[in-house]
1. Using amide H atoms built 1.01 Å from N in the peptide plane, name the residues 5+ places from residue 114, or on other chains, whose amide H lies under 5 Å from its own.
2. On full extension of the chain, what length is gained from residue 13 through residue 32, given 0.36 nm per residue of separation minus the C-alpha to C-alpha distance?
3. Under the Karplus relation 6.51 cos²θ - 1.76 cosθ + 1.60, θ = phi - 60°, what is the ordered set of whole-Hz ³J(HN,Hα) values for region 28-41, x standing for Gly and Pro?
4. If you average over every viewing direction, what projected area does the convex hull of the Cα atoms of region 89-190 give, in nm²?
5. Spin-label point model (7 Å from Cα, Cβ direction): what's the residue 22 to residue 180 distance in nm?
6. Using per-residue counts of other Cβ atoms within 10 Å, averaged over each peptide, order 25-36, 163-174, 7-18 from highest down.
7. Greater than 27 Å separation of Cα atoms is the criterion. Which listed pairs, 38/110; 110/152; 86/135; 32/110; 40/79, meet it?
8. Restricting attention to region 80-147, which trypsin sites (Lys or Arg not before Pro) occupy a DSSP loop and are surrounded by at most 15 other Cβ atoms within 10 Å?
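Every number here is computed from the coordinates shown, using simple stated rules; none is lab data. Only a predicted model underlies this, so the values are computations on that prediction, with no experimental measurement involved. Note that each Cβ is placed from the backbone with ideal geometry, even for glycine, and that neighbours are counted across all protein chains shown.
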Amino acid sequence: MRTIGIGIFLVVALIQLSVPASVVWKRGQTLKHGRVWKFKTEPVDPVDAMRGRYVALRFAAEHVPVAEESAHERISPGKPVYAALKEDTEGFAEVDHISVEPISGENIIKVQAGYGYDHADYLVFPFDRFWVTEKNAPAAESAYRENSRRGKENAYVTVRVRSGDAALEQLYIDNQPLADYLRTHAAAKK
């Protein structure tokens, strides 16, 4: 009887460990093999730009224009939808179309529908935080805020997309990875 209890415990433990391990493995495979997309960021309210050790991100591609005749077919907020990506003339990702039905492709990500306004649907991307170290957090927040305000929008992120999964790869400020930008500007201030 005791060996059955131990066996059941081991099976349950393995199941519990396999779920987070599969999520980590899937994200790793996306980062290793996924197609790279650049997303242009938008200004963020400076009061809410940092929570803990990450930079809160917003994206221009989150707003998907809706034609007047299809405005009554809005997607329901909070529901999962599928966004098909395409590149704009500057090489940045934008949403080509959205679908409530599952679609597949290397340009498809699963997103959540937000509240639409101004004849546009709003999407919530699964990558809205760029994690930084505690030491770099204040400088990262300041650099992102300064370089994503209106009139000086030169911040963007790269995201890897593979089989519906999306993984944030890097935050770029003034065409430099965040760590390089912070190092360059810290050296310039000395």
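1. 78, 122, 123, 124
2. On the way: separation 19, 0.36 × 19 = 6.84 nm, distance 2.85 nm.
Gain in length upon complete extension: 4.0 nm.
3. Couplings: x, 5, 5, 5, 7, 10, x, 6, 8, 10, 9, 10, 6, 8 Hz.
4. Details: hull surface 34.0 nm².
One quarter of the hull surface, i.e. the mean projection, equals 8.5 nm².
5. It works out to 3.8 nm between the two label points.
6. Details: 25-36: 13.9, 163-174: 18.5, 7-18: 10.0.
Those peptides, ordered most packed to least, come out 163-174, 25-36, 7-18.
7. On the way: 38/110 17 Å; 110/152 30 Å; 86/135 36 Å; 32/110 19 Å; 40/79 24 Å.
110/152; 86/135, as the Cα separations exceed 27 Å there.
8. Those satisfying the criteria are 135.
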